[in-house]
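Chemist: Dropping a structure here in structure tokens format, bear with me for questions.
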Amino acid sequence: MSNDKTHKLVRDAYAEVARKQSSCCGTNSSCCSDGKPYVVPDHPVPEAELGLSCGNPLAFGYLDKGDVVLDLGSGAGKDVFLAAQKVGDAGKAIGVDMTPEMLVLARKNAVKFFTTTGLANVEFREGHIEDLPVEDASVDVVISNCVINLSPDKPRVFREVFRVLKPDGQMIVSDIVLNRPLPESARNDADLYAACIAGALLRDEYLQAVRDAGFEKVEILSDHTYRASHACDDPITGSVSDSLAGVAASITVLAKK
């Protein structure tokens, strides 16, 4: 598929998620290694949890008060709001998403976030993660949660991340990678693409793309085998579950500029 067609595929799929205000996954399945998304206890805006996560990039303690944080593919704002709490009034959390329906939902949730916390340090911008609407060297930390695998040009995403980070800035992203190539029957499947599988890079290719963008230190913080048979209870996914078993993993990567 062309980049435009890929963007449309992903946009349409996640617009539907936003309209339903839930993931394509049921309560017992997701793009996570154990079949359940990571749910944050006492989240300030529970409505921002759509079950789309494949990790928890904020769990490793790399945010400081006053930081500017950028979330790629911010969806309904789940991680943006958590980051905003961590960086406080002196900091800022920015979400970028290409799906208008998600941005409407996120901005609605931002009102609830302000009511709950009193913090007005969040902003949501429309744009592609391959062409970020963010100034050069303006961000301390870039995060993302199960989104970069959906991009048709992942090396360009990492170059954009490097561009917007300040010197000594950090990228902490959770994502899906492949441990071995997908079978031919799954490689070009649109539903599997939207379910975070068909568009994923091989693990070594993913990490090399991060290094090629200019990052000098690349470290895997977490690594879990992905149970593809649990992807969104999709009948297409289920039909190839045996051949997908163990193919993919959910990893969280730290990279420093």
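Chemist: Among the residues of region 145-162, are any in contact (Cβ under 8 Å) with a residue 60 or more places away in the chain, of a type outside the set (V, I, T) and in a strand (DSSP E or B)?
Modeler: Within region 145-162, one or more residues are in contact (Cβ under 8 Å) with a residue 60 or more places away in the chain, of a type outside the set (V, I, T) and in a strand (DSSP E or B).
Chemist: Quick check on my filter: what residues within region 127-165 are surrounded by 17 or more Cβ atoms within 10 Å (Cβ to Cβ) and acidic (D, E)?
Modeler: If the condition is that a residue be surrounded by 17 or more Cβ atoms within 10 Å (Cβ to Cβ) and acidic (D, E), then E130, D140, E160 are the ones that fit.
Chemist: What are the residue pairs meeting all of these: first residue in region 64-86, first residue assigned to a helix (DSSP H, G or I), second residue surrounded by fewer than 22 Cβ atoms within 10 Å (Cβ to Cβ) and among the hydrophobic types (A, V, I, L, M, F, W, C), Cβ atoms under 8 Å, and 6 or more apart or on different chains?
Modeler: Matching pairs, first to second residue: K78/V40; L82/V40; A84/L119; Q85/L119.
Chemist: Return only the number of the condition from (1) modelled with pLDDT under 95; (2) buried (at least 23 other Cβ atoms within 10 Å of the Cβ); (3) of a type in the set (A, V, I, L, M); (4) assigned to a helix (DSSP H, G or I) that A59 does not satisfy.
Modeler: (2)
Chemist: Is one or more of the residues making up region 135-158 farther than 23 Å from N56 by Cβ and among the hydrophobic types (A, V, I, L, M, F, W, C)?
Modeler: yes
Chemist: For region 87-120, give me each residue that is farther than 28 Å from R11 by Cα, free of Cβ contacts under 8 Å to residues at least 60 places away in the same chain and not hydrophobic (A, V, I, L, M, F, W, C).
Modeler: G88, D89, G91, T115, G118
Chemist: Mind checking which residues of region 164-186 are over 29 Å from V80 (Cα atoms) and modelled with pLDDT of 70 or more? I'd like the intermediate steps shown before the answer.
Modeler: Looking only at region 164-186, we keep the residues that are over 29 Å from V80 (Cα atoms), and these are 179-186.
Matches in region 164-186: N179, R180, P181, L182, P183, E184, A186.
The values are calculated or read from the model by the stated rules, or taken from the named source; none is laboratory data. Treat the numbers as computed from the prediction; the structure is a model and nothing was measured. Reconstructed Cβ throughout: ideal geometry from the backbone, glycine too, with neighbour counts over all protein chains shown.
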